[in-house]
Amino acid sequence: MKKIFDKPKIRVSRTAVIIWRIDLTILMIPVALVIVLIDAFFPVIAGVLGVAAVIVYAVTMIFYIPMYCRSLSYTFEKNNIVVRKGVFYKRSAVVPISSIQYCVIIQGLLQKRFKRCTVALMLAGSFILVRQISLSEGDELVAFLNEEDPGGGEEDGQ
Amino acid sequence: MDNEDRFRRTHPYSLLRHFRIYAVLLILTILQQVFIRPQDIPALIGSLGINALYVLTVLFYFISDYTNRLCRIGENSFDVRSGIFLKRRYSIPNNKISSIMFYSNIISYLFNAESISVDTPGGFRKKYDFSAYFTRKKANELRSRIEGDMEPSFVFKSRIISIILMSAFWANPVTGIIFIVPVTTNISRIVGSDTAERLIRGSIDSQWRIIATWISPAAALLAAVILLCWAISMLNVFLRYVRFKSLRLGDYVVTSKGLIARTEIYTTVSSISSVSIDQSLFMKILKLKSCTVTLKSAGKRKGDRSLLFSADSYDKVQNGMTEITGIPNREDSVLRRAPRSVFAYIYLPLILIFVIVALIILSYFVRFLTSSIRLLLYIFMIIVIWWLMLRIFAYFHSRISLNDKCLIVCSFHRMTLKKQYIPFEMIQYAEITRTPFQKRSGKCSMNVSIYSEKRKSVRIKQLPMDAARELLMRENIKMIESR
């Protein structure tokens, strides 16, 4: 059994908080540009939107992102993967390993810098994201799912 | 390391394909230069404007996407690495693949390219899990790897006449409009609006003289446009389905079709969630049936109505279906729809007929209901009468039955009578619903949900309640009863 399955629960590290904070700051650049554009025609509306954007930015940076990171946890059991998340609404998704078709490892520029990744578990008709786990954990998870042959199907000699 | 195990770029045709779509924008930029004729460098830069910027961005994106997209068709999986800023890597194990599609048309043929698209039950709807252009050599290698030394155990080749009939009925005039509108718009641009108008009038006066004696010229023009659009659409469908062939090759059902653009689909038998034998009223008159399959997947072709047999004789389709999919076609215990429930089948077309008759009568008295609208009403009337006849036909044939491998539901869907073979393992649940009228008369409707996209279900109306419940319990099918 892989190392990842020995841990009772995997939580996202402080790095995830930094990544999401930088992402949010980058996202604020186009928002600021739009507000500047609005300011040329409707200065009052631009002022209101500017103040609102700053408040939302500050609240998300200081409170929401750390709380969301604390709420995120993954449990890798023998037959299931349990994903728990949510700040205001707590959500738990239990994914039977047998229903996973394949996995996609996604890495943004910042994630690459911090050696983090997101694993998308592709299910029949939908998908579940396992966010901000370390790259080694992501690789372990994918290798395990490929080795285990989750579907129980046999090689069809393609 | 063996060449087979290396990640490689896809065929450059995938890049050219993107360029073809955005070529219009490039031409626009060049035209802008030709007509504005900038005199100095600042004017030249200014006149390029947003078009050039847009084209450059698109070019940069597609070239970067192409260079960053690496694929490997391995022995056990399809592996992909892609993304410019957001890097993705995944491998699709062969045992999860439900279908592989090979596609090539004349242009890709000239570039020695062929598209390979892979589908699994996972992923996003209306999007393949893996799709890329490769050299035809690579595609042929994959094809021969799938086929191995296997010989087809059953081969079905469609007749040209059945494809022509099918195209005639599948043709949609709206599709024709998509082709015809740019043509007519460009003609009027080239020859001028006056000449274009004269051409249209001339066509009504000459070619549609006979029709125009019975109906107004405007109605004749409308009929001509509908007919022309329908003919174009029919040609489009015909070219897509001509040379249709289906065969069983080991664990695969292979279908191939098309003349200018050739499509070949390898579907694993285990991914078939239902098989449907279809018969429209016209096919009933000609004693023909066709057959389609639904897969337990959720992408572009996932859950798609994929043709297995084009219209052919009863025996050929029924027996061929068993040969090709391995699903037996016999019906052991049959439960027919409840007697004296014909009204539930025909009330909707009946109401429509009354409404149309009322509108036709009204059109003779009200000025704004012109002859063109009356013509449309007559056409619509014929369609509704056809629909009514189908519902009566469906009433006599609606039933649910079983054999040792599957549940068979025979009921109508839109303008077709469908006999759906659903393997027991592909049934999610069966839902029994009852209206107040049905509660009083001891009848029910049944929805059988199958493993496919959009919670696909098969519906049958007016079954005897107790017998339906007993049938489901006998086969241990999960049952939901709505109150």
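The values are calculated or read from the model by the stated rules, or taken from the named source; none is laboratory data. In this text, all values refer to a predicted model and were calculated from it rather than measured experimentally. Methodologically, a virtual Cβ is constructed for each residue, glycine included, from the backbone with ideal geometry; neighbour enumeration extends over all protein chains shown.
Hey, among the residues in the range A:108-137 that are among the hydroxyl-bearing types (Ser, Thr, Tyr) and within 12 Å of chain B (Cβ to nearest Cβ), which one's farthest from the chain's Cα centre (by Cα)? That would be A:SER126. For B:TYR421, the criteria (1) crowded, with 17+ Cβ neighbours inside 10 Å; (2) touching a Gly at 6+ places or on another chain (Cβ under 9 Å) hold in every case but one, which is (2). Of all the numbered requirements in (1) part of a strand (DSSP E or B); (2) of a type in the set (D, E, K, R); (3) closer than 26 Å to A:LYS112 by Cα, B:GLU114 misses one, and that requirement is (3). Would you say B:ARG337 is crowded, with 17+ Cβ neighbours inside 10 Å and charged (D, E, K, R)? It is true that B:ARG337 is crowded, with 17+ Cβ neighbours inside 10 Å and charged (D, E, K, R). So which residues in the range A:65-107 are away from every other protein chain (no Cβ under 14 Å), over 12 Å from the mean Cα position of the chain (by Cα) and either aliphatic (A, V, I, L, M) or crowded, with 18+ Cβ neighbours inside 10 Å (or both), if there are any at all? A:MET67, A:PHE76, A:ILE81, A:VAL82, A:VAL87, A:ALA93, A:VAL94, listed by residue number. The residues listed here are B:PHE179, B:PHE169, B:PHE244, B:PHE238; of these, the one that is modelled with pLDDT under 70 and of a type outside the set (A, V, I, L, M) is B:PHE179. For residues in the range B:107-129 being surrounded by fewer than 19 Cβ atoms within 10 Å (Cβ to Cβ) and facing chain A (nearest Cβ under 9 Å), which is modelled with the highest pLDDT? Among them, the one singled out is B:PHE124. Residues that are under 20 Å from B:SER144 (Cβ atoms), of a type outside the set (Val, Ile, Thr) and either part of a helix (DSSP H, G or I) or at the interface with chain A (Cβ under 9 Å from one of its Cβ atoms) (or both) within the range B:79-106 comprise B:ASN94, B:ASN95, listed in sequence order. Can you confirm whether A:LEU49 is at pLDDT 95 or above, buried (at least 16 other Cβ atoms within 10 Å of the Cβ) and not β-branched (Val, Ile, Thr)? Yes.
Only residues that are surrounded by 15 or more Cβ atoms within 10 Å (Cβ to Cβ) and outside any helix (DSSP H, G or I) were counted in the range B:340-377, giving 2.
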